[in-house]
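The values are calculated or read from the model by the stated rules, or taken from the named source; none is laboratory data. Keep in mind the model is a prediction, meaning the values are calculated, not measured. Neighbour counts run over all protein chains shown; Cβ positions are idealised from the backbone, glycine included. Quick note on the areas: whole protein, heavy atoms, side chains included, nothing else; ligands and nucleic acids left out. Shrake-Rupley method; radii C 1.70, N 1.55, O 1.52, S 1.80 Å.
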Amino acid sequence: MSGTMRYPDLELDLLRAFVAVAETGSFTAAADVVHRSQSAVSQKVLRLEEILGRRVFDRTSRTLGLTPDGERLLVAARQMLEFNDRIMRTWREPAASGTLRLGVSEDFIPGQLPKLLARFSRLYPDLHIDLKTGLSCSLLEAYDGDRLDAVIAKRSGSNSRGRVIWREPLVWLASADYQLDFTRPARLVMLAPPCSYREMMIAALDTVRREWVAACTASSLMGVQAAVAGGLGVTLLGRSFVQEGMQILRAPELWPALPMTEVTVLGEDRAPDLVEPLIAFLSQSLAGHDALTLAA
């Protein structure tokens with residue numbers, strides 16, 4: 001139209017590459033997420049910056065961070081990609097509907113779970129979620145009693161079922177100002193047994209002959225976090241539980257190295273029409289999250 005400025009289109013694959021780099025913090029990790037080469041991802045980000053006429057990343061030889069313009073773009077890019085995915089899902093997949101009785105372990109990305117559920121609800125507005133949260137052992141008991149259709153639970157020795165969708169490192173946590181006294185037994189903040197976190201803490205300290213005492217026993221992971229943040233002692237949790245005011249203890253001779261923790265989904269065979277959209281959504285949303293290595 002004469003007299004009207006025609007802006008260039010923002011190509012979705014450029015935005016998808018940009019979001020992947022922003023969320024993973026590196027071009028190498030982003031390449032795995034979008035299934036392209038590292039050089040292709042770099043070229044897409046450069047092309048995006050050319051179209052916008054703005055730099056979206058601050059790059060040095062050691063660090064990569066968003067510029068203020070990049071931070072603004074990240075919000076809009078996520079909205080555009082979500083809108084695109086919602087349209088494509090509407091046309092290419094039958095709409096999931098009904099009620100999904102879902103149990104979610106307190107272990108599962110506590111800081112991100114509300115946002116993930118909100119996004120899932122927008123993508124599947126006809127699917128009602130009856131949500132139950134708690135410790136994995138309680139949720140698995142409800143699942144086995146047919147009171148839940150699907151469960152996202154921590155894998156442990158007694159639970160080897162389900163598809164692994166989430167892995168993250170376990171770390172030793174204490175408050176930022178916690179005074180460590182290595183002349184005395186380690187003061188531990190623990191859940192009551194049976195608890196795999198408790199068992200792993202004890203076993204790990206036994207490997208370095210470290211004495212310990214239970215300084216606090218809590219009934220929930222939220223209680224464990226509160227006790228640790230309040231300086232009552234040290235605990236073992238996934239890295240996604242690290243909050244402001246906490247520190248990760250890094251003295252392997254006193255706080256031994258720890259394995260990865262895994263979270264699985266159960267229920268694919270019980271309510272496939274409801275559970276499969278959830279698993280597909282989680283797999284896409286969690287790819288590249290900085291606390292995990294997504295299972296293939």
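From the list Gly98, Gly103, Gly111, which residue is modelled with pLDDT under 70 and either open to solvent by less than 60 Å² (accessible area, probe 1.4 Å) or not β-branched (Val, Ile, Thr) (or both)?
Gly111
Could you list all residues from the range 260-296 that are touching a strand residue (DSSP E or B) at 6+ places or on another chain (Cβ under 6 Å), within 18 Å of Val242 (Cα to Cα) and either modelled with pLDDT of 75 or more or open to solvent by 60 Å² or more (accessible area, probe 1.4 Å) (or both)?
Met260, Thr261, Glu262, Val263, Thr293
Working only within the range 1-12, note down all residues that are at pLDDT 80 or above and open to solvent by 70 Å² or more (accessible area, probe 1.4 Å).
Pro8, Asp9, Glu11
Out of the residues in the range 114-137 that are within 30 Å of Pro193 (Cβ to Cβ) and open to solvent by 60 Å² or more (accessible area, probe 1.4 Å), state the one that is modelled with the lowest pLDDT.
The residue in question is Pro114.
Val41: over 30 Å from Glu268 (Cα atoms), open to solvent by less than 70 Å² (accessible area, probe 1.4 Å) and modelled with pLDDT of 80 or more, yes or no?
Yes; evaluated as a whole, the condition is true for this residue.
State whether one or more residues within the range 150-162 are assigned to a helix (DSSP H, G or I) and either modelled with pLDDT of 85 or more or surrounded by fewer than 19 Cβ atoms within 10 Å (Cβ to Cβ) (or both).
No, the range 150-162 has no match at all.
Hey, any hits in the range 48-71 for a residue that's aromatic (Phe, Trp, Tyr), within 20 Å of Asn84 (Cα to Cα) and under 25 Å from the mean Cα position of the chain (by Cα)?
Among the residues of the range 48-71, not one is aromatic (Phe, Trp, Tyr), within 20 Å of Asn84 (Cα to Cα) and under 25 Å from the mean Cα position of the chain (by Cα), which makes the answer no.
Conditions tested, residue by residue: (1) in contact with a Gly (Cβ under 9 Å, 6 or more places away or on another chain); (2) closer than 27 Å to Tyr124 by Cα; (3) at pLDDT below 80.
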position	(1), (2), (3)
Arg55	yes, no, no
Thr67	no, no, no
Gly70	no, no, no
Pro94	no, yes, yes
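List, please: which pairs have Cβ atoms under 9 Å, are six or more places apart or on different chains, and start with a residue in the range 22-34 that is in contact (Cβ under 8 Å) with a residue 12 or more places away in the chain and end with one that is aromatic (Phe, Trp, Tyr) and part of a helix (DSSP H, G or I)?
These pairs meet every condition: Ala30/Phe18.
Residues in the range 179-235 that are closer than 23 Å to Ala153 by Cβ, modelled with pLDDT of 90 or more and assigned to a strand (DSSP E or B): how many?
4
Name the residues in the range 170-213 that are open to solvent by 70 Å² or more (accessible area, probe 1.4 Å), touching a residue at least 40 places away in the same chain (Cβ under 8 Å) and over 26 Å from the mean Cα position of the chain (by Cα), would you?
Asp177, Phe182, Arg187, Thr207
Could you tell me which numbered condition Asn84 fails, if it satisfies all but one of (1) polar (S, T, N, Q); (2) in a loop (DSSP other than H, G, I, E, B); (3) under 26 Å from Lys115 (Cβ atoms)?
(2)
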